Every structure is written in structure tokens, then in C-alpha cells.
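Inspection log for the structure reproduced underneath, given as C-alpha cells.
Every number in this text was worked out from the coordinates using simple rules, so none of it is lab data. Computed from a predicted model, the values in this text were never measured in an experiment. Neighbour counts are summed over all protein chains in view; Cβ atoms, including those assigned to glycine, are modelled from backbone coordinates with ideal geometry.
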Amino acid sequence: MVSGLMNAGQSVSLRRLFDDVGTVDSVGIEERVAKFTTRSIKKTAKVWGLRTAVTMVDLTTLEGKDTPGKVASLCRKALHPADDPTVPPTAAVCVYPAMVRHARRALGLNAPVRIASVATAFPSGQAPLATRLAEVRAAVADGADEVDMVINRGAFLAGEYGRVQDEISAVRDTCGAATLKVILEVSELETYDKIRAASFLAMRVLRPGDFIKTSTGKTSLNATLGNNQVMLEAIRDFYLATGVAIAMKPAGGIRTAKQALHFLVAVKETLGDAWLNNRRYRFGASALLNDLLRQLEKERTGAYQAPYSFSESAESY
Amino acid sequence: MPAIKSPSLSSRRRGRPAPELIFGDLWPYDPAPETADPKLKARYGLFINGRFVAPKSGKHFDSINPATEGKLAEIALAGAADVHAAYTAAQRAADTTWGRMPGRERAKYLFRIARLLQDRAREFAVAETLDGGKPIKESRDFDVPMAAAHFFYHAGWADKLAYVAPGRSVAPLGVVGQVIPWNFPLLMCAWKLAPALAMGNCVVLKPAETTSITALKLAEIIQDADLPPGVVNIVTGAGEVGAAVMGHPIPAKVAFTGSTEVGKIIMRSLAGTDKKMTMELGGKAANIIFDDAPIDQAVEGIINGIFFNQGHVCCAGSRLLVHEPVADRVLAKLKQRVQVLRVGDPLDKNTDVGAINSKEQLGRITALVKSGVREGAELFQPACPLPAKGWFFRPTIFSNVAMSHRIAREEIFGPVLSVLTFRTPEEAVEKANNTAYGLSAGVWTDKGSRILKMSTELKAGVVWANTYNKFDPASPFGGYKESGFGREGGRQGLLDYCQVT
């Protein structure tokens, strides 16, 4: 009886959250994003899109076998993605907390590339809050400019929204000056309705310029145009209602330049020009970078280059 | 459970300008024209008895590209004698070849037409866009594939006609006359020809005078498919030719798609004859948005409902009925959404809204929009640039529209949306049905029972739920009241092309 009442209370609060932020029709949104993929991006528009995408990459390695040496090589790749010196550096490198100090050593203090660290018991988030906060504190102390946290999906799915939000607040406070990215892990939320609700839950306690992020890259389904669009529309609605501009990071599954351009088209046509920069939009990716470079080189020379003409960065996602 | 934080909106915004999104030119798309060769002839004859022939009068008229106002080709102007020759050929084919052929043989021809159309899809898409002004992405992704789908679907029926009316037998009517409009030139050809041919009828078809080219290109495919001579005949010209096609004594049935005005003239002229008729006429569809609808997808549906094919759609969702609690939000989102619609060169793959089909139609739209402003509705148009040449019209949204305004009553057949509000479902139904038309409607709500209730109460041939402008060859399409009678597509569509005994 008691548990029945509690469940009823939880479903009422979910209903309230959905009523407040609105629902998403999955057929409709997938139809919408399919139109982004029919945009034809050619010539100068393509080059602009590719270069902008390079500057938006959070070059990532998140593996148990990461070593200081591999992180250093990732940092060099982020600073100088290609032999062509006109290719800009990526936005950031993204590593595990234990690798932050190695990344800081490799990049130095005034690097154009920021250091992002996943934290909060990434990717599951299944650790006591105190442990997760301690991890954030350590990453920031070691020099992380940005913290990628995971939300407590267990609590979200159990209907404990207040707890999810309070934990995000606690991580935000622990971040200090570091930018916070909140990973919703959309594939574990499963429905577009819940992705939208979770986006609002997070945005309401974030600071301007903080991010919401799709995925850890550690599950089978990661960023798609569909869940990206749900989150972009949530950001748009939140911005128009409050004036607070939240940034967005799709992560995982974006491997080709063509995909990246589709995501940028979605940004351009949903949030407009103010989000077409790496303060407001990022790609969590690794394999993507070399495909962007390959396409840029193709635009420059008119021919595709062999894969080995581009230096390896990291294998992840 | 701790309360979920949701800071009061006004406190965060106080003293700061309202936030706005910037849809500027930071990242303009380069022109991306479709370059396939439409393979147009300089001059097209009439397609009679399996051959292209010159009109007996020797007269031709120009087909104009509405996006450039340039001439595309010369089209033969048929006279009464040509129409008669076409009907004679059709009658002969009905008596000697097509009408006697087993359905499974007819199916082979229809499959062949469908496949040939698919083979030449790009060429047809470009021709359709050049001649009609619709964006290439629509002719490429909708018109041509859907036309092929209609041939495929009806080819599948041709050897299964015994199941069209179970327990009874069906027979072809003989010869039918068909007149089609300019908004979906090729697709309307397919809608008309495929069921008629599958049933074993022979056809005289007249395309609209501004958009004859793809019908004549389809005649080339019909030649390539080796259809027996006279099964399909295509005569071209304007209203007088249409009147001759409709009024000729040979056809057992006439089918017309076009304006209610012309439909009435045809019905008047055929009153007292024993000809069968189907009429697919105008519409003034209501697209109804309830407050529990997924708003962003509803906005997409509204946009697709009214700006698809520049609003040249008989089932266009031209009257938006919004539930009052969400009216402001929906309108604000609509205005934002139209800002990213790209109006311009129809051949550009990134164009969302193309050219208005003819100068005459542009004039009609402009006049109705002026009347809307004069009658006190509030006009909104995005500041998108329009090409210097050609016939273009900005996507237009009228708010504060009253049911008595002309823009809420008359079919505009252009990219113009009239926004009205309602408070209760009953009021929505009453307003939606308060029109001479009854072709289509849309309902947007999260509540399934409400969808079912609305769909039974709306007097419309098609009711879309949480979507709009969706078509399928298997789904019958047609109207109530002054939107016409008869159905096209599905089993019901076939029944309109046969005698059931």
C-alpha cells in the first residue's frame, strides 16, 4: 500500500514535469530531422562547416588502457590536427580524471585547447555522491577546465527528480569556475519525452554556458539527430523563456564529416547563428576528427587522401 | 520529496531585453542546383493512338517556367476534332485490345510504366520542377516516387480485381475522360491513369495548360512500355479543351480534379446524361491543435500542411485552429519556424518554398492577402529575400482571423495560413465544419480518445492525426460537400472505375 502510494506520487510528479515542459512526438521529430539530412552543403559552405566542426571537437579518449603517453599524443593532435597549419585546434581534449594532470602537462597553462574531464563515476554514476564530488574536486584541482558529469539515471527512472537535480547542483557548486557538462545518457532514458524532461531538469540549475550532453559513448546507442534535436529544442525553449543560453554536446556515434554537417544544420535551423561556435556546441568524438580533415583536404586538393596521410589521434567512442 | 526547482521566468528576465534567436547569414548555404537533364523537346504534339501528332489546327502555346518566366517548350493546342480523334482511338483500344486483355497482362504494362518512371526519376523531377515551380526536393522525394508507387500499387490489383467487390463481379466502364490540375501534374496523372488502366479502361486525359510537360513525358514512357495504341491519349490545352474532353459523348465516365467552380460547371453541363462522375475539388482544411499536443511537432505539421508545394494543395491545412491556452506559444513558434524556410530557386536542393505556378495564381493570392489585411487580420511574413525574376510569394501567416473573413472561407491555394482559436473540442468541430468544403482535416493531441471522437465528427474525407499531408496509394482520398465526391486510391478508388454487377 505504502509503495503503491509512493509510485502514484512519483508518476504524478513525472506527469507534472511533462505537463510543464511538454511532450515530444517521436514520429514527428524523426521526420523533422530527416529533412536536415537532405540539405545540400557544398563548396564554401562545406568548408566553413568542416572547419567549424573541427573547432567544436572534444577529442576524446576514455579507455582503461589510456596512458600518460597516449594522452600526450592526443593533446598534440588536438593542438595541431593536421599538417596544414591553417587547420584550427579542437575545442578540448576529454579524458578520465586520472589523466587530467598529464593532459595539463602536455598542453601547458595557456593552451588554446581546453581540458575536459569526465567525472562522477563515469559512465554509470553508481557511486556515493561524496565519492563523485571528490572526483570532480580532484579533476578540477588537477587542471580540468570542464567537467563532464553523468546524471543519476537510477534516480531519474525511479522518479526521484528532486534528487537528480540536487546532485547536479552539488556538482555544479563543486566545479567552481570549470564549465559543467551534464550527460543525460539518453539511451538509458529511452523516450524522447524523458530526454526533454531531463534536459529541463538539468538546465534549470545550470549556469549560462554550461552544457547538456547526450551520451557517455559507452552504450549501444549514442548521439542521434533525433535526440540531438529534442535537446536543441529544449535549449531553445529554455533560452526564450529565461534568457539563459545553455550549450549542447552530442557525443558518441558521430564518426563522419557528413554526419557532423547534418548536426550543424540542425543547430543552424533550430538555435540559429549564436550557437554555431564551440562555446555553445561541441562534438564528443575521436574518429570524426580525421574524417573532417580528410574532407577538408579533399575540398582543397580535389582528391581523397589515403587514411595514413592523417596522424592517428585516439580510438574511443 | 524536495521540490523541483523551476525559477520564476520573469525574475530572471527582468530588466533585460527579451531573448531572441538569430537566423542570420553566418553560415549561408551555397547554391546547390540539381543538374540532371530534363530532356525536354522544343515542341510537343498531342498523344493520340500511341503516337505524337500535330494538332489539326496547327496551333501551339508556350509552357512557361514560373521561376524565370522563360519559355520551356511549345505545347500543342487541341481542338474538338483532336479530342474526337483521341476518343475514337480510346474506344477502339477498349473494344479490341485493352478491355479484353486479362488483368495479369495489363499488370505487366503497369509494372513496366512504374519501373520506367523510377529509372528516369531525376529527369522527371527536374522537368516537374521547371514546369510547375515546386522545389526539387519535393518533386524528387514526393511527386515522382509517389507517382511510381501508384502505378506499382494498381499493377498489383490488376490481376486481383475479383477481390475488389467480393461476391460480385466487376467490369471496365470502357472509355473515361480525365482532366487534372497543375499542382501535382505528374502525380495527378498517376492517380487518374493507374486505377483506370488497372480496371481495363482506356483514357483521354487533359493536363492543365500551365503544366503539360510531365504528362507528355509520361506519354513517352507509355510508348516505351509498348502499351497498345489508344489505351492512353493525352490532349493539351486550356479550358475549352477540358470542356470538350468532359462533354464528349463517348466516355462512360469523367473524372475531374480542380477547382470547385469548374467542377460545378462540368456537373451542370453533364446533368441529365448517364455519365459517371468523380470530382476532387477544393478545400479549406482545418488543422486543429489541442493544448496537450506535442507543440514542436505540431508546428512542423502546420508548416508542412500549408507551405508544402507553396500551398498549392487542395487538402492544405489553410485554417489553423489552436486551443486558446497554447495559441500564443504556437503562433510564436510558427513565426520562428517560417524564418528558416528558404524561398527561392525551385531547382536548388535547399529550397523549401518554390515559385507560384502562374502569374494569374500569384494575382489571386495577392488579392486575397490584401483582403485579409483590409478585413483586419494581422499579417506576418518573414523577411526572406525573393528572387528578382519569377513569381514568388512570401510564406504568410494571418493571426486574429475571424470566421467571417474571406481568408478563412475561400480557398487561397497559396502559402497563406489563417490562424483562429477555439476553447472547447465542440467549438473546434463547429468551426472546422463551418465551411462549404470538406476534403481534409488535422487533429493534434496526445489523447487517443479525442482523436477518434474528432475524426468521426469532422466532416472531411481525410482526417490526419498528429501528422499532415500523408498519402499512400492504398489509402482512399476524396471529399465531402463542395470538395467533391468519389475516392481515389485504395479499393474504393478502383470501384469508381468499374461497373459492379
Neighbourhood charge, 12 Å Cβ-Cβ cut-off, centred on B:Ser139 and excluding it, Lys, Arg +1 and Asp, Glu -1: -2
Volume per residue that the Cα convex hull of the range A:205-258 spans, once the total is divided by residue count, Å³: 90 Å³
Translational D in µm²/s for chain B (Stokes-Einstein at 20 °C, 1.002 mPa s, Kirkwood Rh from C-alpha pairs): 90 µm²/s
Relative packing of B:203-212, B:63-72, which averages over residues the other C-beta atoms within 10 Å, highest first: B:203-212, B:63-72
Pairwise centroid distance, computed over Cα atoms, of the range B:257-286 with the range B:193-245, Å: 20 Å
Percent breakdown of C-alpha pair distances by 10 Å bin, ordered from the shortest bin, for the range B:258-389: 10, 32, 33, 17, 7, 1
Range of Cα positions in the range B:354-501 per principal axis (Å), largest first: 57, 38, 26
Angle between chain B longest axis and helix B:324-339 axis [Cα atoms, degrees, rounded to 10]: 70 degrees
Approximate spin-label separation B:Arg329-B:Arg115, in nm, with each point projected 7 Å along Cα-to-Cβ: 5.2 nm
Neighbouring partner chain Cβ atoms per residue of A:236-243, average, 10 Å criterion: 6
Unsatisfied cross-links (Cα-Cα over 24 Å) in the set B:Lys134/B:Lys276; B:Lys335/B:Lys370; B:Lys192/B:Lys275; B:Lys134/B:Lys253: B:Lys134/B:Lys276; B:Lys134/B:Lys253
Relative contact order of the range A:24-309, pairs being alpha-carbon contacts under 8 Å that are 6 or more residues apart, as %: 20 percent
Reachable lysines, given that their alpha-carbon falls under 16 Å from the alpha-carbon of B:Lys459 and they are not under 8 places away in the same chain: B:Lys284, B:Lys431, B:Lys481
Average other protein chain Cβ within 10 Å of Cβ, residues A:21-29: 6
For chain B, share of DSSP beta bridges that run antiparallel, in % to the nearest 5: 35 percent
Mean residue ellipticity (222 nm) of the protein assembly as shown, computed from DSSP H runs ≥ 4 via -39,500 (n - 2.57), nearest 500: -13000 deg cm²/dmol
Euclidean distance between Cα centres, the range B:319-389 to the range A:96-148, Å: 50 Å
Degrees separating the helix B:121-132 axis from the principal Cα axis of chain B, which is the longest one: 70 degrees
Of all DSSP beta bridges in the protein assembly as shown, antiparallel share, percent nearest 5: 25 percent
11 Å beta-carbon shell around A:Phe211, net charge (K/R +1, D/E -1): +3
Alpha-carbon Rg with Dmax, taken over the range B:6-160, Å: 25.0, 83
Residue order, fewest to most surrounding Cβ atoms within 10 angstrom, among A:Arg294, B:Arg406: B:Arg406, A:Arg294
Centroid-to-centroid separation of the range B:416-456 and the range A:260-281 [C-alpha atoms, Å]: 36 Å
Nearest-ten-degree value, helix A:161-175 long axis tilted from longest Cα axis of chain A: 40 degrees
log₁₀ of I(q)/I(0) at q = 0.12, 0.15, 0.16 Å⁻¹ - the range A:24-309, Debye sum with one point per alpha carbon: -0.71, -1.12, -1.28
Number of partner chain Cβ atoms within 10 Å, mean per residue of A:270-281: 3
Cα gyration tensor shape for the range A:170-309, rounded if a/c is under 1.5, else prolate or oblate: prolate
Candidate aspartates and glutamates - alpha carbon under 16 Å from B:Lys41, same-chain residues fewer than 8 apart omitted: B:Asp62, B:Glu74, B:Glu123, B:Glu128, B:Asp131, B:Glu220
Cα-only radius of gyration and Dmax that characterise the range A:267-317, units Å: 14.0, 37
Relative compactness, the protein assembly as shown, computed as alpha-carbon Rg over 2.2 N^0.38 Å: 1.08
